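The values are calculated or read from the model by the stated rules, or taken from the named source; none is laboratory data. For clarity, every value in this text was computed on a predicted model and none was experimentally measured. In this analysis, Cβ positions are derived from the backbone assuming ideal geometry, glycine residues included, and neighbour counts consider all displayed protein chains. Areas reflect the complete protein model, heavy atoms only, side chains present, ligands, DNA and RNA absent. Shrake-Rupley method; radii C 1.70, N 1.55, O 1.52, S 1.80 Å.
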Amino acid sequence: MSQRRKFIKKTLLGSAVLIPGVNQALPIFQPSSKPADGPLILSTWNHGIPANAAAINAYKQTGSIVDAVEIGVKDTELDMENLSVGLQGLPDREGITTLDASIMTGDGSCGSVAFVRQVKHPISLARAVMEKTPHVMLAGEGARQFAISQGFPIEEEKLSPKAQKAYDEWKKTSKYKPVINIENHDTIGMIGMDDKGNFAGSCTTSGLAYKMHGRVGDSPIIGAGLYVDNEVGAATATGLGESIIRICGSFLIVELMRQGRTPQEACEEAVRRLISKNRKDIADIQAGFLAINKEGQVGAFAVQPGFNFAQATLSNNELIDSKSHF
Ligand code: SD4
């Protein structure tokens, strides 16, 4: 055997599992080097504070990071003040509220729902897709039918008083223009790591206000609004979904971290990439990213000023202003 082949064989045996009969090496799962001092949770915007509190509380009860990120964002899905998440969110151009959500764990399991109506907790429906179907994504009426089959309550299709008022106002001109950092940029993305280095993430939104009927944003698209990998870390996004989808934002950040960038460097590079692919409209675009790596380092960066996030551990939950490109 040549020296080179001997070396390759030794390297593979040292770092990977060889499955008999399959000529392929699988990487061994490497737990985080972060010491066992409890979970670390990040989530987007001001509503991240109560969402993180709910997530930490869930974690204390179940010890599960995926329970934490699901239960955390369910809090925001019920927040009647929030016009960008849940059934109280602003509707599309036809006056119908449609929801997008995704959930992912660090072993590659993931589920999402897109363009779904009348389901109060799309994040739990996304988790059901992940755990109870062979699929990753269900959309529209199929997602709603799946919700019914799983016993999810189906809500009356009626705008909240706040959303109805805003929609009536919008209809006077029917002009759609994204507005930076206010109610149409309020998705919650949450990423977390447990004390053993396992990651999970969730993302849920009613999407852009007054979008075209059928429009789906980045939040339910694995790799765009959310990506999680136990070997590296996790990332999530908020902002104008089209700009984030164009660069596979969350996947890009995780891959940059895999190549050795810190979470902060990776978020900054993703924003630079986003700007380079969306130059024409950049003054009107806000997008923000959050990331954690397996050392427990965090990163946050946005296109425009105004993005913030909440960071929680067992003993602390604080709001932090992100830096931005402009
Ligand atoms: C979307 N990314 O549907 C979502 C909207 C958003 O804060 O993040 N709002 O494009």
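Computed quantities for the displayed model
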| read-out | value |
| --- | --- |
| Sulfur and carbon atoms: percent of accessible area, the chain [1.4 Å] | 54 |
| Helical contribution to [θ] at 222 nm, DSSP H n ≥ 4, -39,500 (n - 2.57), averaged over the chain, rounded to 500 | -9500 deg cm²/dmol |
| Which listed pairs, of K60/K132; K120/K294; K162/K277; K120/K211; K175/K280; K175/K277, have C-alpha distances above 30 Å, in listed order | K120/K294; K162/K277 |
| Where segment 199-326 is the region considered: accessible area per residue in Å², 1.4 Å probe | 36 |
| Point-charge dipole on Cβ atoms (K/R +1, D/E -1) for the chain, about Cα centre, debye to 20 | 1220 |
| The chain: angle of helix 3-15 to the longest principal axis, Cα-based, in degrees nearest 10 | 50 |
| Low-density loop positions, trypsin sites (Lys or Arg not before Pro), segment 125-213 - DSSP coil, at most 14 other Cβ in 10 Å | K158, K172, K175, K196 |
| GNM top mover of I221, I148, I275 - the chain, alpha-carbon springs below 10 Å | I148 |
| E269 - accessible surface, heavy atoms, 1.4 Å probe, Å² rounded to 10 | 40 |
| Extension reserve of the R258-Y176 stretch, reckoned as 0.36 nm per residue once the Cα distance is removed | 25.7 nm |
| Hydrodynamic radius of the chain per Kirkwood, over alpha carbon pairs, in Å | 19.9 |
| Of G106, G86, G189, the one that fluctuates the most in a GNM where the chain has Cα springs shorter than 10 Å | G106 |
| Cα→Cβ-extended label distance, 7 Å offset, between K277 and I320, nm | 2.6 |
| Accessible surface, 1.4 Å probe, highest first, among residues H121, H213 | H213, H121 |
| Förster-model FRET efficiency, 30 Å R0, Q297 and K162, C-beta, rounded to 0.05 | 0.20 |
| Reach of K165 by Cα under 19 Å, taken over aspartates and glutamates that are not fewer than 8 positions away in the same chain | D79, E81, D92, E94, E156, E157, E183, D186 |
| Ranked by how many other beta carbons lie within 10 Å on average, peptides 136-142, 307-313 from highest | 307-313, 136-142 |
| For segment 212-307, the spread of Cα positions along each principal axis, largest first, Å | 40, 26, 21 |
| Folded to 0 to 90 degrees: helix 140-149 orientation relative to the chain principal axis, Cα | 80 |
| Angle in degrees between helix 122-132 and the longest Cα principal axis of the chain, rounded to the nearest 10 | 40 |
| Ellipsoid semi-axes in whole angstrom, largest first, where each is sqrt(5λ) of the Cα gyration tensor of segment 231-278 | 18, 11, 8 |
